[in-house]
Amino acid sequence: MSLIGLKRRAQKEGWIKFVRSEIDERAMLAGYTFSERKALRCVNFFPTFLRHSKGDFGGKPFELIDWQRDDVVYPLFGWLRPNGTRRYSRSYIEIPKKNGKSTIASGIALYLLVGDGERGAEVYCAATDKKQAKIVWDESAVMVEASPELLGALSIHRSSSTITFPATNSFLRALSGEAAGNEGWNAHGLIVDELHKWQGRKLWDALKWAFAARRQPLLFVITTAGDDPLSVCMQQHNYALGVNDGKIPDLNFFGYVRCADENDDWLDEATWKKANPSLGVTMDLDRFREDVLEAAKTPESQASFKRYRLNVWNAGENGWIKPASWKACQRVIEWGTA
């Protein structure tokens, strides 16, 4: 069937709105489809079984924010390969701090543990050190404790940072860089927190082989912009942009990046909202304005503000070269023969 015919079918079936890029069109031509029923299964899991634990939302059902639902969960869990398994096996979510990255990651970790129908599922919350790895895991544990349904089905073992699901012999565990030399991982889900903090490639390279035996695994990376142009995070950032721009034909990689662009006015409210999808929901707009005014009056803090609040790469306290300047240095080297 032609692309036009496939789009007509998607229109008739009600999912044409999820065909958002050239790579999605390529996926359609390759036989990929979208199932709203599959997407809704994950979307509905959040308010049905999960409760927020902090702030104004503490104790309330976890209703996904629009961007979490429509821009991340729907495509991640609705798009299917021709064999009926999930289209995406790898994802990269990059947004500024305080937009709810860790919270949605905790919910997705629990869904992969109990809602995915995977027997013997191994789900890991991974970071370079145990303290960072436990941020998502701890939030997952608190969500379990606040949910009568999940608490009756799961067991929390804080001494080993493990949540077990005996009915399917599955577990969710915090995993840090100290375990990089271990072998035997058979991951169904891998939640990677703050990839910009990862130093070197040891843990990253060790983990990328952990999915080989799974039918529909998911790597879910969440991070804020970093300041190292040679890092794994920058490589994943560039890969995500390449896929989204249609330059890298990877049908199974999902990238979501919210940031201010180089020419955007960082004092403009439209720029704040462009980079921060949760502004006005989990982030107080008036307080954000105060942070902007403070940064405007103290030039030495502007770089950090742009990095952490607007997701601008290499603008932090350790940043020494802009991404555009780094990219401009690239050239092809022709090696001579001896």
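The values are calculated or read from the model by the stated rules, or taken from the named source; none is laboratory data. The structure presented is a predicted model; accordingly, all values stated were derived computationally and were not measured. All Cβ positions, glycine included, derive from the backbone under ideal geometry; neighbour counts span all protein chains shown.
Of all residues in segment 282-311, those that are within 23 Å of Ile104 (Cα to Cα) have Cβ atoms under 7 Å from Cβ atoms of residues that are part of a helix (DSSP H, G or I), 6 or more apart or on another chain, in Phe288/Trp272; Arg309/Asp291; Leu310/Thr271; Leu310/Ala275; Asn311/Ala275. For the structure I just gave you, tell me whether Glu290 is modelled with pLDDT under 90 and not assigned by TED's automatic domain parsing to the domain that holds Lys60. So Glu290 does not fit the description; no. Picking from residues in segment 141-160 that are among the polar types (S, T, N, Q) and modelled with pLDDT under 95, the one that is surrounded by the most Cβ atoms within 10 Å (Cβ to Cβ) is Ser147. Against the test of being within 26 Å of Arg215 (Cβ to Cβ) and out of contact with any Cys (no Cβ under 8 Å at 6 or more places or on another chain), the options Ala141, Ala133, Ala121 yield a single qualifying residue, Ala121. Listed by first and then second residue, the pairs linking a residue in segment 120-135 that is on the phi > 0 side of the Ramachandran plot to a residue that is buried (at least 23 other Cβ atoms within 10 Å of the Cβ), with Cβ atoms under 9 Å apart and 6 or more places separating them unless they lie on different chains, are Gly120/His188.
The helices (runs of 4 or more DSSP H) falling completely within segment 1-66 that include 1 or more residues that are under 26 Å from Asp138 (Cβ atoms) and hydrophobic (A, V, I, L, M, F, W, C) map to 36-49. If I filter segment 204-212 for residues that are free of Cβ contacts under 8 Å to residues at least 24 places away in the same chain and either crowded, with 20+ Cβ neighbours inside 10 Å or not in a loop (DSSP other than H, G, I, E, B) (or both), do I get at least one hit? Within segment 204-212 (the criterion being free of Cβ contacts under 8 Å to residues at least 24 places away in the same chain and either crowded, with 20+ Cβ neighbours inside 10 Å or not in a loop (DSSP other than H, G, I, E, B) (or both)), the answer is yes, since at least one residue qualifies. Taking the criterion of being farther than 14 Å from Arg173 by Cβ and aliphatic (A, V, I, L, M), the residues of segment 136-149 that qualify are Val142, Met143, Ala146. Regarding Asp261, is this residue of a type in the set (D, E, K, R), farther than 16 Å from Lys101 by Cα, assigned to a loop (DSSP other than H, G, I, E, B) and at pLDDT 95 or above? For Asp261, the condition - of a type in the set (D, E, K, R), farther than 16 Å from Lys101 by Cα, assigned to a loop (DSSP other than H, G, I, E, B) and at pLDDT 95 or above - is not met.
Scanning segment 1-50 for residues that are under 30 Å from Leu151 (Cβ atoms), surrounded by fewer than 15 Cβ atoms within 10 Å (Cβ to Cβ) and touching a strand residue (DSSP E or B) at 6+ places or on another chain (Cβ under 9 Å) gives Pro47, Thr48. On the stretch given as segment 117-145, residues that are within 18 Å of the chain's Cα centre (by Cα), under 17 Å from Ala187 (Cα atoms) and not in a strand (DSSP E or B) total 3. For segment 14-33, name all the residues that are closer than 14 Å to Val72 by Cα and without any contact (Cβ under 8 Å) to a residue 60 or more places away in the chain. The answer is Lys17, Val19, Arg20. The conditions of being more than 18 Å from the chain's Cα centre (by Cα), farther than 16 Å from Tyr256 by Cα and modelled with pLDDT of 95 or more are met by Gly84. Residues in segment 293-338 that are at pLDDT below 90, part of a loop (DSSP other than H, G, I, E, B) and hydrophobic (A, V, I, L, M, F, W, C): Ala315, Trp320, Ile321, Cys329, Val332, Ile333, Trp335, Ala338.
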